[in-house]
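The values are calculated or read from the model by the stated rules, or taken from the named source; none is laboratory data. Worth saying up front: this structure is predicted, and the values here are computed from it rather than measured. Glycine also receives a Cβ, built like all others from the backbone with ideal geometry; neighbour counts cover every protein chain displayed. In case anyone asks, the SASA skips ligands and DNA or RNA and just uses the protein heavy atoms, side chains included. Shrake-Rupley method; radii C 1.70, N 1.55, O 1.52, S 1.80 Å.
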Amino acid sequence: MKILVVVEQREGKLNRVSWETIAAGQALAADTGGTLEAAVVGAGVSGYAAEIAAKKLAKVYAIESAGLEPYTPDAFVHALKGFIATNQPALVMMPHTYQVRDFVPKLATAAGSTCISDCIGYKKDGDKLLFTRQMFQGKLAADVSFTGAGPWFVTFQNGAFRGDKAEAGAAAAPVEVVNVEIPAGVVRNQPHEVFKEAKQAVDLTQAEIIVAVGRGIKEEKNIAIAKALAEALGGDLAASRPICDNGWLPMDRQIGSSGQTVAPKLYLALGISGAIQHIVGMKGARTIIAVNKDAEAPIFEIADYAVVGNLFDIVPPLIEEVKKAKAANS
Amino acid sequence: MKILVCIKQVPQKDAPLKLNETGTWIREDVSYEINEPDAYALEEALRQKEKHGGEVVAITSGPARSQQVLREALAKGADRAIHLEDNAFVGFDAYNTARAFAAAIKDEQFDLIFTGLQSDDYGYAQTGVILAELLGHPHATIIMQIEKSDSGIRVKRELEAGYFQFVDMPLPAVLTIQSGISKLRYATLIGIKQAKNKPLRKVALAEVQSALSDNLQKIERLYVPQKTKKTEIIDGSPNEIAKKLVERLRNEVRVL
Ligand SMILES: Cc1cc2nc3c(=O)[nH]c(=O)nc-3n(C[C@H](O)[C@H](O)[C@H](O)COP(=O)(O)OP(=O)(O)OC[C@H]3O[C@@H](n4cnc5c(N)ncnc54)[C@H](O)[C@@H]3O)c2cc1C
């Protein structure tokens with residue numbers, strides 16, 4: 001089986017998640033006796049191609065065109081569709097980034113095929129390849145197979161494989177530059193510069209103790225009890241996205257893929273289900289305590305200490321006990 | 001502007017899920033609700049209509065129960081609805097769902113088509129983008145703002161880690177909408193009453209069958225994920241739990 005990994009570069013940098021996809025590709029190639037190639041797409045990308053070529057790969061392609069910068073789904077699909085038709089990989093793997101989500105369904109459709117998106121692993125069942133993905137926001141998992149002819153597309157969730165496990169090659173892999181033309185009229189979107197909203201007032205990246213609230217807090221006025229707990233602990237208050245979407249806490253207290261990424265000593269999650277987009281922002285915490293009334297909530301997968309129960313019963317006595325402990329210290 | 005909003009009915013967030021006998025899907029006897037990002041897609045469509053005039057049409061596919069999300073859309077202000085009604089739609093992959101929608105609207109011209117950016121059940125994050133490709137329209141994903149411009153629209157895409165990007169696009173276009181783009185409205189009593197008289201077109205599976213293919217991917221097995229991390233369960237009465245937690249915070253986590 002011929003496997004192609006398409007790595008991601010953006011704003012002058014190779015996205016680190018690309019190493020994870022290469023590691024996944026190496027594992028799959030070893031398990032299936034396949035060959036693994038990689039491609040990088042953009043304008044002036046041969047530097048990235050050389051960087052990737054240090055890994056154990058049969059070949060690296062630099063798919064080049066001035067029309068590929070800045071990123072647009074139209075140009076990327078045009079370039080990759082043509083390349084895949086010529087190169088004929090059986091399986092195309094990519095990281096499940098915002099950029100890939102933006103173009104891969106279009107690419108798979110244009111190629112007459114399908115993408116199993118946001119996978120967390122794979123299995124071999126006899127000759128059949130199964131890709132594991134989360135369902136119902138992580139409450140369940142599914143093994144999914146391809147039923148049609150290739151090329152098959154798979155995207156992998158951030159953190160599904162270890163990037164530092166991507167094996168280096170004995171010698172640099174050969175790099176081939178593939179120049180493509182993006183004819184006028186193909187690209188319909190006109191993207192502007194990427195920007196960050198006005199500087200954030202709250203920086204949680206250095207916080208040692210974070211008390212985070214999720215939708216389990218139910219009402220805006222209840223945030224007060226989480227705040228009281230954070231104050232008792234001498235920590236900062238943070239939230240899952242729906243709390244910020246509702247305007248109950250400002251956006252700069254949001255933790256997750258579209259918010260801040262934190263690594264405190266203690267992350268205390270109150271009424272947060274543990275969707276992957278939240279987890280990516282806090283899984284680096286040294287200790288995670290989760291309070292959730294649903295014993296099956298995915299947050300318990302990554303918690304060190306699990307309290308299955310109603311946060312409104314548990315938080316008030318916890319505040320009292322913390323205060324007592326602090327008073328005893330002083 | 002004529003706007004189509006694709007809406008999916010999904011199990012309620014707090015619903016306890018049970019596997020079916022074959023272990024390939026959940027048992028259907030749970031409560032359902034509108035997929036959250038789709039609710040935002042509908043809200044944005046209604047706001048665009050309020051600003052620029054036009055029409056909002058809601059579409060869904062699924063068994064009879066899913067008509068509820070269309071009723072909700074009509075009560076909130078959508079003008080009419082399309083229901084591709086059949087149990088079979090539940091098991092469709094994103095490619096087939098998009099094909100079914102494309103077939104159901106083939107005689108209409110929409111300026112904008114909105115979907116939520118992904119569903120809370122499958123979480124494919126693909127149906128909208130596939131629909132765009134099938135219809136030959138440009139698309140943009142994870143949208144947090146939409147303004148009309150001289151040549152079409154200017155949208156704000158959310159990128160990772162707090163970054164954003166504006167994109168100019170011609171119409172017609174397909175957009176996948178992110179939760180939080182605006183504040184959701186509630187249906188009013190009058191709205192709920194009026195909804196009863198708004199047109200709701202039912203489309204049978206047979207009417208779109210010729211546009212469909214076999215599913216290109218298949219769920220072989222659905223299951224409760226195995227825990228990999230060692231988690232200590234802290235239990236007891238709330239007071240006992242509080243005491244145990246503080247003990248851990250002091251001696252193990254060492255933050256007290
Ligand atoms: C592209 C994209 C980007 C995203 N970015 C982010 C992001 O940056 N950050 C983020 O957080 N999310 C993000 N999300 C949203 C994410 O997918 C989830 O929807 C969100 O994290 C859910 O928040 P929650 O856990 O607070 O709410 P829910 O999933 O609704 O969970 C609420 C939890 O509270 C529990 N609960 C209810 N009542 C109680 C009670 N009385 N006591 C104890 N527990 C209770 C419930 O059992 C449930 O588990 C993003 C999604 C997408 C698609």
- prompt: Taking the condition open to solvent by 10 Å² or more (accessible area, probe 1.4 Å), on the phi < 0 side of the Ramachandran plot, in the same structural domain as A:Ala297 (by TED's automatic domain parsing) and more than 9 Å from the ligand (Cβ to nearest atom), does A:Ala238 pass?
  reply: no
query: Would segment B:2-25 turn up any residue that is of a type in the set (A, V, I, L, M), more than 14 Å from chain A (Cβ to nearest Cβ) and in contact with a Phe, Trp or Tyr (Cβ under 6 Å, 6 or more places away or on another chain)?
result: yes
query: Which number in (1) touching a residue at least 12 places away in the same chain (Cβ under 8 Å); (2) away from chain B (no Cβ under 14 Å); (3) within 25 Å of A:Glu11 (Cβ to Cβ) marks the one condition that A:Val194 misses?
result: (2)
statement: When segment A:42-70 is checked residue by residue, the ones that are closer than 12 Å to A:Val6 by Cα, of a type in the set (A, V, I, L, M, F, W, C) and in contact with a helix residue (DSSP H, G or I) (Cβ under 6 Å, 6 or more places away or on another chain) are A:Val60, A:Ala62, A:Ile63
- prompt: Filtering segment B:26-40 down to residues that are within 11 Å of chain A (Cβ to nearest Cβ) and more than 14 Å from the ligand (Cβ to nearest atom), which residue is most open to solvent (accessible area, probe 1.4 Å)?
  reply: B:Val30
field: Extreme residue, surrounded by the most Cβ atoms within 10 Å (Cβ to Cβ), among residues of segment A:4-16 that are in contact with an Asp or Glu (Cβ under 7 Å, 6 or more places away or on another chain) and of a type in the set (A, V, I, L, M)
entry: A:Leu4
- prompt: Which residues, counting only those in segment A:97-115, are open to solvent by less than 30 Å² (accessible area, probe 1.4 Å), away from the ligand (no atom under 16 Å from the Cβ) and either more than 8 Å from chain B (Cβ to nearest Cβ) or over 22 Å from A:Gly163 (Cβ atoms) (or both)?
  reply: A:Lys106, A:Leu107, A:Ala108, A:Thr109, A:Ala110, A:Ser113, A:Thr114
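For every residue, the table says whether it meets (1) among the hydroxyl-bearing types (Ser, Thr, Tyr); (2) more than 7 Å from chain A (Cβ to nearest Cβ).
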| position | (1), (2) |
| --- | --- |
| B:Ala140 | no, no |
| B:Lys148 | no, yes |
| B:Ser151 | yes, yes |
| B:Lys156 | no, yes |
| B:Val167 | no, no |
| B:Pro172 | no, yes |
| B:Ser182 | yes, yes |
| B:Thr188 | yes, yes |
- request: Report the residue count in segment A:204-222 for those that are within 12 Å of the ligand (Cβ to nearest atom) and surrounded by fewer than 20 Cβ atoms within 10 Å (Cβ to Cβ).
  value: 4
query: surrounded by 16 or more Cβ atoms within 10 Å (Cβ to Cβ) and acidic (Asp, Glu), is that true of B:Glu252?
result: no
statement: Among residues of segment A:116-132 being at the interface with chain B (Cβ under 8 Å from one of its Cβ atoms) and closer than 29 Å to A:Ile272 by Cβ, the residue nearest to the chain's Cα centre (by Cα) is A:Asp118
message: I'd like to verify a number: residues in segment A:280-291 that are open to solvent by 20 Å² or more (accessible area, probe 1.4 Å) and near the ligand (Cβ under 10 Å from one of its atoms), how many?
response: 1
field: Which listed residue, of A:Gln200, A:Gln260, is open to solvent by 10 Å² or more (accessible area, probe 1.4 Å) and near the ligand (Cβ under 9 Å from one of its atoms)
entry: A:Gln260
